[in-house]
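The values are calculated or read from the model by the stated rules, or taken from the named source; none is laboratory data. Predicted model, so just to flag it, every value in this text is computed and none were measured. Cβ placement follows ideal geometry from the backbone for every residue including glycine, while neighbour counts extend to all protein chains displayed.
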Amino acid sequence: MATIGSMMMMFKTQVAEQGLYPVLEQIRALGYDAVEYSQMPTDEEHIAQLERGVNELGLQVGALSVVLKGQGNGISIADEYDWLLEVCRRLGTKFVRIGMMPFDAMATKERCEAWATECEQAAQKLKADGIQLCYHNHHVDLAQFDGERIFDIVRRVAPTVHFEVDLHWVQRGGMNPIDMLKAYEGVCDLIHLKDYRVRTLPPDALEMLADPERRGEFMKAFQADTIQYAEVGQGNMNWPAILPVAEQTGASFLFVEQDDVYGRDPFDCIRESREYLRSIGW
């Protein structure tokens, strides 16, 4: 069965306040067997704490965030390659992931292809050292250029790159998550689990509607603000049907993630997600 993990991005504040290792202890206590390390420092101090989590808590570091070059969300493949290899070796990590393509690469087919070409070069280099590069999607990756989805462009130009499929963003992009998993069978190594919740109109929505000068605000509240990220099992996604397909099509890790917890304690959020996953046999 694929390993259930938690996305560390959710705990930036807690790590800053408590330290990384105490946060890992709490994640482990909630029943998670792995973490994905993203939007966190990658200096020796933090990597050493991660290593301690692996050795003392039995946590796996299923994936690390990377960038192709320069500064950004993760270790730079171009500028910190030796450090990246050392970190992966120390943590036993086989997967690294790019969280999003540059915005300018989303603008035209040519720019998308150029960026994917860079990814392919990086993926081949990493593969030679036993590490798999994955690309994480958002809803925009289902946009099309000349009838070809951005996801398909990346797959065509960068066949060595695998995917980290964020199922919430797939749903938000207008595709059935099960169809997505089946379409990319064999290359969906990492999966992000977060639910898709549609909430009722906010209390002041009717006041906006009644004021002709605030109709624009009302339409924003109606169209966008009603959509939320949610704890797994607290939205509209069919997890009992989705999860077996994710495993059948090759997922190694399933990471619970929630981009916004709307003021809640993120530990409470991942606890609820884990309890729900247990309730359906995961």
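For segment 249-266, filtering for residues that are loosely packed, with under 14 Cβ neighbours inside 10 Å and in contact (Cβ under 8 Å) with a residue 12 or more places away in the chain leaves 2.
Looking at segment 208-220, is at least one residue closer than 30 Å to Met1 by Cβ and either outside any strand (DSSP E or B) or touching a Pro at 6+ places or on another chain (Cβ under 7 Å) (or both)? No - not one qualifying residue is present in segment 208-220.
You will find that of Gly130, Gly70, the residue that is surrounded by fewer than 14 Cβ atoms within 10 Å (Cβ to Cβ), assigned to a loop (DSSP other than H, G, I, E, B), modelled with pLDDT of 95 or more and at positive phi is Gly130 and no other.
Residue count for segment 136-172, restricted to those that are among the small types (Gly, Ala, Ser) and either within 20 Å of Ala123 (Cβ to Cβ) or at pLDDT below 95 (or both): 1. Against the criterion of being crowded, with 21+ Cβ neighbours inside 10 Å and without any contact (Cβ under 8 Å) to a residue 40 or more places away in the chain, Leu57 does not qualify.
The set of residues in segment 35-54 that are over 19 Å from the mean Cα position of the chain (by Cα) and surrounded by fewer than 21 Cβ atoms within 10 Å (Cβ to Cβ) comprises Asp43, Glu44, Glu45, His46, Ala48, Gln49, Glu51, Arg52, Val54. Among all residues of segment 52-67, there is at least one that is part of a strand (DSSP E or B) and farther than 18 Å from His136 by Cβ. Does Asp225 meet the test of being part of a helix (DSSP H, G or I), under 30 Å from Glu272 (Cα atoms) and free of Cβ contacts under 8 Å to residues at least 40 places away in the same chain? So Asp225 fails the test. Mind listing just one residue for me: the one in segment 247-279 that is touching a helix residue (DSSP H, G or I) at 6+ places or on another chain (Cβ under 6 Å) and in a loop (DSSP other than H, G, I, E, B) and, of those, farthest from Leu190 (Cα to Cα)? Among those residues, the one meeting the criterion is Val261.
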